[in-house]
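Worksheet for the structure shown next.
The values are calculated or read from the model by the stated rules, or taken from the named source; none is laboratory data. What you see is a predicted model, and the numbers here were worked out from it, not measured in a lab. Note that we place each Cβ from the backbone using ideal geometry, even for glycine, and neighbour counts take in every protein chain shown.
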Amino acid sequence: MTSIVEAPRSKVDEPIPIWMKIDWSPEVLHDIYRDWGIYYSRRRRENFAMHYLNKALDLEPLDHMTLYQRCQTKRKAAQMLGALSDSREAAKLSMKVTGEPNAKINLDICDVLYELNQFENSKAEMHNNVRVFTGNKRKNFDQRLLVVDEVIKDVTGEAMTAFFSKNTKTVNIVNDLMKEKQKVETRPLWKVLKEQGACDVQSIPEIEEVLLSPMEIARRKRAFNIFHQSYINDSWVDVLFMKMLCKNPTLLLPQCKESSYILYQISRKQYEIVRKFMKMLQSRSPLYLVNFLKYRNKAMSDRYREAYLYRVQYQTHRNMNQVLKQIRVLRKHRRVKQLTKFVEEVMGDYVVLKTSRVMCWKFEFLNEVYNTLALALAEQLRVPKNLVLGTSAILTLLRLPKDKVKDFVSLVFGDRSTHPEPDAADPKATRAKKLTARLEHRMIFAKYSIEKCYLLHQISQSHLDQGRHSECVFNARKAIKESKNCNSNIWKFLSIIQIVKANAVLHKLEQTKEALEEALPIAHDLDAPELVHFTEACMSCNNEDAITKRATLMQSRRESRTESVATHSLGSRDGDSAEQSKSKLSTDKFS
């Protein structure tokens, strides 16, 4: 029986290959597809190899050698479970066809179990095959047995004993977590949530985002690098590059809707294959074994770690002194913007990743940095010599723009004109939003009150720059509460000035007056005549604005009253003339 291979159909007539015009038998087609599959498998083109091997199996499902070849291809693609099922099925078909076990296929089963990190099962399978085969066929199993025995000895030897004795608490926690994951919950979801005291209204439970501290993020990043450096040496950079490709916006362009999806799938698949092979290496030679072999002498290992700790402490101490020196130079030259940016970079990227053991006197360093920044910000609050009292003089004192005060439109549901367009966002606003998100994330993991005062002050300043005055006042109030915990009058004064700025921009004179009255005694407590003079000048400007506003309001009321009186008198005159004309007409009529 012959069959004709159908050519792929397309809208445009294409030339059909010559081999498709020939009536091949199923046996020949099977051999062609299998050869193509083997060819692509050797070229590491697993997708094409799997395609043609599957077509070969569709023609002859009982061919155990094709199954064996597909098992080899799946092993190269790190699909170990599929490879194990194919190898076992191939062994069964081989027994049916030939009546005796196939040593090559059975050895493949042992190798797949070994790659699945099931060392005990692989060892048992090899012992069973050793009893069945003899001669040269048995030598391969004996060699595999030596490898498996050495791996089991390494994994469960002295290294594991030392590791477990050192990390007993962590191992117990991990065991409890593994037991919890293995439990299969058969009860309805609402019963489980009821016992946990959670809400069961939503049909799909909300997945809470796991927030990691900056130190935990850095620890995981360093552990990732150490893990790959221990096994593949300098090639660990390639694994890191593959990981970055999975989220690289330059590669995965959102404008390219079709190609970006394909590239994402390819990069993700290849990265997962590499990760699976790395886990195989880690299972055969765990990290605790690597460290045990490298540092067999515990006294020497402790001495090495202590020397390394001292080096890191010394370098960190030098960096701290350099940072303080740079901060003082910037404050001396009154470069407040550069100083604020430098402090945020140092404290948010460097200091936050240091422990108290590595960075000695960390708390004192934090106090020195944040107090120096607060003094630099307070030194900006000065009364200029050529200040002229008048409208918006307080904005000049507070270093706020006069001509850029915007009328912010409140959002109205259903009115699209009140909603900002996403494409209309300028780069400056985008940078401000990123800075606000960064500061809020740091705020979650801040330990010291003075650090919280700084973060809340900067968040309020960011909101003020974006025109969100209510959020600015809210965060400034929180900063005032935190300043009481650390007894910092300077940060309390600066936070109140933030409230003054937000109210002054909106021309809220009463709220501005209340905030300034709250700031004046704090300026006296700081024993800073410049700040006292600045606060009193702001109060004078605010009072002048209030008087001007009151006079303007009185003048507008007088003008409106005058206009109403004039209108009323004009109406009365028109009425009198109308009555006179009516009486004249009536007398003329009767006469």
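Please state which one of Tyr271, Tyr314 is in a helix (DSSP H, G or I) and in contact with a helix residue (DSSP H, G or I) (Cβ under 9 Å, 6 or more places away or on another chain). Just one listed residue meets the conditions, Tyr271.
Against the condition touching a Ser or Thr at 6+ places or on another chain (Cβ under 7 Å) and modelled with pLDDT of 90 or more, how does Leu53 come out, does it pass?
Details: touching a Ser or Thr at 6+ places or on another chain (Cβ under 7 Å): yes; modelled with pLDDT of 90 or more: yes.
Criteria met by Leu53.
Given the criterion over 29 Å from the mean Cα position of the chain (by Cα) and either in a helix (DSSP H, G or I) or farther than 30 Å from Gln118 by Cα (or both), identify the matching residue among Glu344, Glu368. Quick ask: steps written out before the conclusion?
Working: Glu344 fails: over 29 Å from the mean Cα position of the chain (by Cα).
Result: Glu368 is the single residue among Glu344, Glu368 that is over 29 Å from the mean Cα position of the chain (by Cα) and either in a helix (DSSP H, G or I) or farther than 30 Å from Gln118 by Cα (or both).
Just one residue in the set Arg75, Arg45, Arg131 is surrounded by fewer than 19 Cβ atoms within 10 Å (Cβ to Cβ), of a type in the set (Lys, Arg) and under 23 Å from Val151 (Cβ atoms); that residue is Arg131. One residue stands out among those in the stretch 369-391 that are surrounded by fewer than 16 Cβ atoms within 10 Å (Cβ to Cβ) and polar (S, T, N, Q): the one that is modelled with the highest pLDDT, which is Asn371. For the stretch 228-271, a tally of residues being within 22 Å of Ala77 (Cβ to Cβ) and among the hydroxyl-bearing types (Ser, Thr, Tyr) returns 6. Scanning the stretch 474-519 for residues that are of a type in the set (Phe, Trp, Tyr) and touching a Leu at 6+ places or on another chain (Cβ under 7 Å) gives a single hit, Phe493. Of the residues making up the stretch 237-257, those that are part of a helix (DSSP H, G or I) and in contact with a Phe, Trp or Tyr (Cβ under 7 Å, 6 or more places away or on another chain) are Met242, Lys243.
Of the residues Ala78, Ala91, Ala56, Ala49, which is part of a loop (DSSP other than H, G, I, E, B) and of a type in the set (A, V, I, L, M)? Please lay out each step first, then the result.
Numbers: Ala91 fails: part of a loop (DSSP other than H, G, I, E, B); Ala56 fails: part of a loop (DSSP other than H, G, I, E, B); Ala49 fails: part of a loop (DSSP other than H, G, I, E, B).
Exactly one residue qualifies, and that residue is Ala78.
The condition of being acidic (Asp, Glu) and closer than 30 Å to Leu397 by Cβ does not hold for Glu364.
Per-residue answers, yes or no, for (1) surrounded by fewer than 15 Cβ atoms within 10 Å (Cβ to Cβ); (2) closer than 30 Å to Met359 by Cα; (3) in contact with a strand residue (DSSP E or B) (Cβ under 7 Å, 6 or more places away or on another chain):
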| site | (1), (2), (3) |
| --- | --- |
| Leu253 | yes, no, no |
| Ile266 | yes, no, no |
| Tyr271 | no, no, no |
| Gln282 | no, no, no |
| Leu287 | no, yes, no |
| Tyr295 | yes, yes, no |
| Gln315 | yes, yes, no |
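If the condition is being in a loop (DSSP other than H, G, I, E, B) and either in contact with a Pro (Cβ under 9 Å, 6 or more places away or on another chain) or of a type in the set (Gly, Ala, Ser) (or both), then the stretch 494-533 contributes only Ala528. Whether any residue in the stretch 108-126 is more than 23 Å from Arg275 (Cα to Cα), touching a Phe, Trp or Tyr at 6+ places or on another chain (Cβ under 7 Å), surrounded by fewer than 19 Cβ atoms within 10 Å (Cβ to Cβ) and among the hydrophobic types (A, V, I, L, M, F, W, C) is what I want to check. No: the stretch 108-126 contains no residue that is more than 23 Å from Arg275 (Cα to Cα), touching a Phe, Trp or Tyr at 6+ places or on another chain (Cβ under 7 Å), surrounded by fewer than 19 Cβ atoms within 10 Å (Cβ to Cβ) and among the hydrophobic types (A, V, I, L, M, F, W, C). Scanning the stretch 293-321 for residues that are of a type in the set (Phe, Trp, Tyr) and at pLDDT 85 or above turns up Tyr304, Tyr308, Tyr310, Tyr314.
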